[in-house]
Each structure stands twice: as C-alpha cells, then as structure tokens.
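Each remark here refers to the structure printed beneath this line.
The values are calculated or read from the model by the stated rules, or taken from the named source; none is laboratory data. Here the structure is a predicted model, which means the values were calculated and not measured. Cβ atoms come from the backbone with ideal geometry, glycine included; neighbour counts cover every protein chain shown.
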Amino acid sequence: MPATELLGHGWQLFAGVQWVSGGSQCAAHLFSLPACAHASRADNLERCATSIELWWLGWSVVLGFVYVFVAVGLATWQRGLLWNAGNRDGQPEPLNKHAARADRASRNFLETFAFFAAATLAVVLAHKNSAQTAIAAMIYFWARVAYLPVYIIGIPYLRTAIYIASIWGILQMLEALL
C-alpha cells in the first residue's frame, strides 16, 4: 500500500499542514509551495485559509528557532552543559569566533524578522499580496537560510550581499503597501 494511502483523508506524503476553508482543501508540502499558491490571487483568498506570504512567514519562524538553537548549541559546546543549565552568575569565558558569529547572526535574524513579520502581516491583511510579495517573502527566507552558514564560516562580503537581499525582500513587501 502506498504511503499516500496510509496517510489518507486529503493528506499527501510530506504534507505538513492541511487547511480547509469552505469545503476546499489545500495541502502545504514540506519541500514545495502550498498547493493553493498556484491559484490566482482572488481564488487563493477565497479558497485557502493561508497565503504564500504567510506560508513563508511560518517557515521563517522555524528558521528563527534554527538560528537560536545553533547559537545556543555552539555556546554550550564551548562552555559546557553546566554553564547552560546553571544560573550563569559571574563572567563567562568569551565565545570562540564561530560561536560568537552564530550569536551575532541570531541577533541579526531577530532584528530583521520583526520587520519582515510586520510587513508580511500588513500585506496579507490589506489584501495586497501578489506575485511580487510572494517572491519577496521567498527571497527573504532563502537569504536568511544562506546567511547563517556564511556568517559562521566568515565570508564578509558575501554575508553583506545576502543581508542586503533579505532587506530587499522586506522593502518589496513594503512597496506593495505604498
């Protein structure tokens, strides 16, 4: 019996979330755009309880956790589990360059994420989502995916270019509102 039949009732293999609105079903796949992303904007708003922009926002939240866990993991690897589980009174030893970079990258993600989330929610609530905003959200996400390893490895000019790409994604979302 195929795996898709085992999951049954509208679920497909690798389906992470299923939205139901007005009798229509849309599945968001873990490795692809939501099925409702291929519908026209008006059809998308009527049939699906989510938009492409919100889908990318959700995955950006997951990515934010990845940033935090990588930074905490590298700091704990250096300082030890007792430091991480303890009260952290006193002055800890400075982080090595990779752990310090992961910590700075995590803080940088949080700085940009607030603007991305606000712009995304504003676009969706104002019903201004379009191909431009969908691509902008995707660019923000993939730029932030690339940013963490590039920052930890220490490639300065590429890191800056990736950061600018993520900011450009946010600015494209804002442009749709204006």
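In the stretch 144-167, which residues are surrounded by fewer than 20 Cβ atoms within 10 Å (Cβ to Cβ), in a helix (DSSP H, G or I) and small (Gly, Ala, Ser)?
ALA146, ALA161, ALA165 - these are the residues of the stretch 144-167 that are surrounded by fewer than 20 Cβ atoms within 10 Å (Cβ to Cβ), in a helix (DSSP H, G or I) and small (Gly, Ala, Ser).
Looking only at residues in the stretch 69-97 that are buried (at least 16 other Cβ atoms within 10 Å of the Cβ) and closer than 19 Å to VAL150 by Cβ, which one is farthest from the chain's Cα centre (by Cα)?
The residue in question is LEU95.
With modelled with pLDDT of 95 or more, crowded, with 18+ Cβ neighbours inside 10 Å, under 15 Å from the mean Cα position of the chain (by Cα) and of a type in the set (Val, Ile, Thr) as the only criterion, which of ILE170, ILE135 stands out?
None of the other options fit; the residue is ILE170.
Which condition does ARG41 not pass, out of (1) at pLDDT below 90; (2) within 14 Å of the chain's Cα centre (by Cα); (3) closer than 21 Å to HIS127 by Cβ, if it passes all the others?
Just one mismatch for ARG41, condition (2).
Within the stretch 119-132, can you find the residues that are in contact with a helix residue (DSSP H, G or I) (Cβ under 9 Å, 6 or more places away or on another chain), on the phi < 0 side of the Ramachandran plot and surrounded by fewer than 16 Cβ atoms within 10 Å (Cβ to Cβ)?
LEU121, ALA122, ALA126, SER130, ALA131, GLN132
Output the qualifying pairs, or none if there are none: Cβ atoms under 8 angstrom, residues six or more apart or on different chains, first residue in the stretch 146-159 and within 18 Å of SER60 (Cα to Cα) and touching a residue at least 60 places away in the same chain (Cβ under 8 Å), second residue of a type in the set (A, V, I, L, M) and part of a helix (DSSP H, G or I).
LEU148/VAL66; LEU148/VAL70; LEU148/ALA102; LEU148/ALA105
Could you tell me whether any residue of the stretch 100-115 is part of a helix (DSSP H, G or I), out of contact with any helix residue (DSSP H, G or I) (no Cβ under 8 Å at 6 or more places or on another chain) and crowded, with 16+ Cβ neighbours inside 10 Å?
yes
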